[in-house]
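In what follows, a single structure is set out as structure tokens and then discussed.
The values are calculated or read from the model by the stated rules, or taken from the named source; none is laboratory data. What you are looking at is a predicted structure, and each value in this text was computed from that prediction instead of being measured. Because the Cβ atoms are built from the backbone with ideal geometry, glycine has one as well, and the counts that use them run over all protein chains shown.
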Amino acid sequence: MEEQDYIQFEGYLTGDLSKSDLLAFDERLESDSDFKTAFEIYKDVSSHLQHNIANEQESADFKANLDVITNQYFHDIESADVENKSSQKSNFYKYAIAASVVILLGFFVFNLLGKPNYNDYNNFDAISLTVRSAEDANFSNAEQSFNTQNYEAAIAAFNTILEEDFSNLEIQLYKSMALVETNQFEEADALLNKLSKGSSAYKNKAKWILALSYLKQEKIELCKETLQSVPKDADDYKRAQELFNKLD
Amino acid sequence: MSDKKLHEDQKYIDGLAANNTFIIKAIYDKFAPKVINYVKQNSGDAHDAQDVIQETIITIFNQAKQKKLELTCPFDAYFFLLCKRKWLNQLKKRKVNEVTINDDVLSKDDDAQVLSFETSIFEDKEALFNEMFQQLGDACKDLLKATFKIKSMEEVAKSLNITYAYARKKKSLCIGQLTKLVQASPKFNQLNY
């Protein structure tokens with residue numbers, strides 16, 4: 001196709017052709033199959049770009065939400081499998097759980113007496129990034145550094161991932177946790193504020209981490225305010241309420 | 001397609017497009033087990049099934065967002081065919097020779113065949129468009145990103161420091177160039193144009 005043809009395609013799609021041009025265009029669509037094919041591709045490419053660029057945030061939110069759901073689903077069926085296979089081991093787990101409940105209770109009572117502290121709450125779950133990207137060294141690097149509490153290295157790895165995939169909200173969340181750990185509050189709070197105002201599956205987690213960031217900075221009023229914004233259906237709702245009551 | 005009756009399972013398509021958590025969970029609960037079984041019976045494991053399902057759902061989301069995706073068959077059959085085709089393609093790529101293709105579960109529902117085939121083609125197109133977009137020059141990439149993000153061509157022109165007329169012309173030429181790249185690709189023939 002010539003340059004002029006593509007300009008016509010665009011004009012046709014945006015409705016900017018004159019009546020006579022429009023007639024000629026429709027006629028050519030009928031009679032010239034190469035023209036028609038090129039136009040079909042042009043149209044599809046436009047709609048593809050429209051969706052991918054204009055709805056970037058929406059797509060990222062969807063993928064984040066899907067990530068959470070799929071991991072939860074497969075985690076659940078995996079643990080169901082393990083339970084079935086390991087009934088012999090289960091006695092050990094029962095004692096282990098009982099023991100940890102006792103320890104936790106002691107910890108809890110002890111905490112009731114003292115002032116709440118960031119370090120009471122930063123026992124983050126291990127993150128898992130390698131399920132879907134096993135072959136990517138950056139992901140396994142980030143995961144390992146984060147889980148071994150080597151947060152500076154984790155931040156470096158997260159940054160490398162975000163360079164390729166800057167809208168990866170999951171990585172943004174983990175990065176902000178690592179930033180709070182290393183006292184880089186300004187960047188952490190900015191990131192967490194953005195995530196908690198978004199519509200992704202990570203927004204509630206981001207609120208909780210933001211509250212912890214304020215707690216660590218001893219910005220108690222902001223911390224309380226943020227804790228109150230954690231909704232009832234959030235995973236961290238109970239902990240948020242508990243911390244709020246202690247601060248109040 | 002328009003003369004056919006929409007299936008009640010259209011709610012799954014609409015729910016995906018709306019990022020409805022409840023619907024997405026329901027899709028996993030109702031339709032994932034069959035796919036997991038199939039993948040496990042054909043040289044794969046649960047992780048493979050997870051990837052296949054996740055990618056398939058993203059494709060359906062993209063198609064539902066961009067084009068009208070009107071389901072005229074049960075979601076079950078449509079979804080299973082898509083996942084199955086994706087898994088068989090994966091196996092082909094991994095060059096697993098002893099694929100035991102278990103065809104007992106093959107759907108005989110015609111609409112499901114047609115619709116899932118259209119979605120597979122859509123997915124291939126998306127992949128090729130993405131690949132070719134990366135081959136554009138930076139000037140075109142920047143202009144297209146700005147055009148589709150900002151919407152108003154006047155503002156695009158201002159932000160890139162070019163005239164309105166030039167921005168408009170350049171937009172169509174850049175999409176034209178992308179069109180040419182797509183047509184020249186060896187993968188183009190599989191796209192049903």
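Within the stretch B:135-155, the set of residues being outside any helix (DSSP H, G or I) and at pLDDT 90 or above comprises B:Gln135, B:Leu136, B:Gly137. Looking at A:Ala80, A:Ala24, A:Ala60, A:Ala38, which is the one that is within 18 Å of the chain's Cα centre (by Cα) and outside the structural domain of A:Ala206 (by TED's automatic domain parsing)? That would be A:Ala60, the only listed residue that is within 18 Å of the chain's Cα centre (by Cα) and outside the structural domain of A:Ala206 (by TED's automatic domain parsing). Residue pairs whose Cβ atoms lie under 6 Å apart, separated by 6 or more positions or on different chains, with the first residue in the stretch A:183-211 and more than 14 Å from chain B (Cβ to nearest Cβ) and the second part of a loop (DSSP other than H, G, I, E, B), are A:Phe185/A:Gln217; A:Leu195/A:Tyr202; A:Lys207/A:Ser229; A:Lys207/A:Val230; A:Trp208/A:Val230; A:Trp208/A:Asp236. Considering the stretch A:33-74, and only residues there that are over 30 Å from B:Tyr28 (Cα atoms) and hydroxyl-bearing (Ser, Thr, Tyr), the residue that is farthest from the other protein chains (Cβ to nearest Cβ) turns out to be A:Ser33. Considering the conditions (1) assigned to a loop (DSSP other than H, G, I, E, B); (2) more than 14 Å from every other protein chain (Cβ to nearest Cβ); (3) under 12 Å from A:Ala60 (Cβ atoms), A:Ile171 is excluded by exactly one of them, (1).
With respect to B:Phe148, is the statement that it is in contact (Cβ under 8 Å) with a residue 24 or more places away in the chain, within 11 Å of another protein chain (Cβ to nearest Cβ) and of a type in the set (Phe, Trp, Tyr) true? Talk me through it step by step, then tell me what you get.
Values: in contact (Cβ under 8 Å) with a residue 24 or more places away in the chain: no; within 11 Å of another protein chain (Cβ to nearest Cβ): yes; of a type in the set (Phe, Trp, Tyr): yes.
Judged against the criteria, B:Phe148 is not a match.
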